[in-house]
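These notes are about the structure you will find just below.
The values are calculated or read from the model by the stated rules, or taken from the named source; none is laboratory data. Because the structure is a prediction, the values reported are computed rather than measured. Glycine gets a Cβ as well: all are built from the backbone with ideal geometry, and neighbour counts include every protein chain shown.
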Amino acid sequence: MNHFAVDCLGWAATAVFVGSYFARPSRLRQVQMIGALLWMTYGFLIHALPVIFANILVFAAAAWTAARATRSGKQS
């Protein structure tokens, strides 16, 4: 993948991250998970373990809280 495409992926991940602040509560966790996946992919492409690991944690936290909200009958 060329440098420009990798940079575009990083910018897309940034846009999704910022956009999560404007997401409806019922969509927030999904947007966070998408952003984390984009950041993980970016981290793999630039060989940045801290970026990968941090976003594995973000993805897991968003998935866990979404599942917990689903089990309790709430939309989060």
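The residue that is farthest from residue 13 (Cα to Cα), among those in region 49-75 that are surrounded by 15 or more Cβ atoms within 10 Å (Cβ to Cβ) and among the small types (Gly, Ala, Ser), is 69. Does residue 31 qualify as being surrounded by 12 or more Cβ atoms within 10 Å (Cβ to Cβ) and either more than 18 Å from residue 7 (Cβ to Cβ) or modelled with pLDDT under 95 (or both)? Criteria met by residue 31. Taking every residue in region 9-20 that is assigned to a helix (DSSP H, G or I) and pairing it with any residue that is among the charged types (D, E, K, R) and buried (at least 18 other Cβ atoms within 10 Å of the Cβ), at least 6 positions away or on another chain, yields no pair with a Cβ-Cβ distance below 9 Å.
Summed over region 26-48, the residues that are farther than 21 Å from residue 11 by Cα and within 10 Å of the chain's Cα centre (by Cα) give a count of 0.
Touching a helix residue (DSSP H, G or I) at 6+ places or on another chain (Cβ under 8 Å) and either outside any helix (DSSP H, G or I) or surrounded by 14 or more Cβ atoms within 10 Å (Cβ to Cβ) (or both), is that true of residue 41? Yes, satisfied. Condition check for residue 31 on (1) in contact with a Ser or Thr (Cβ under 6 Å, 6 or more places away or on another chain); (2) not small (Gly, Ala, Ser); (3) not in a helix (DSSP H, G or I): one failure, at (3).
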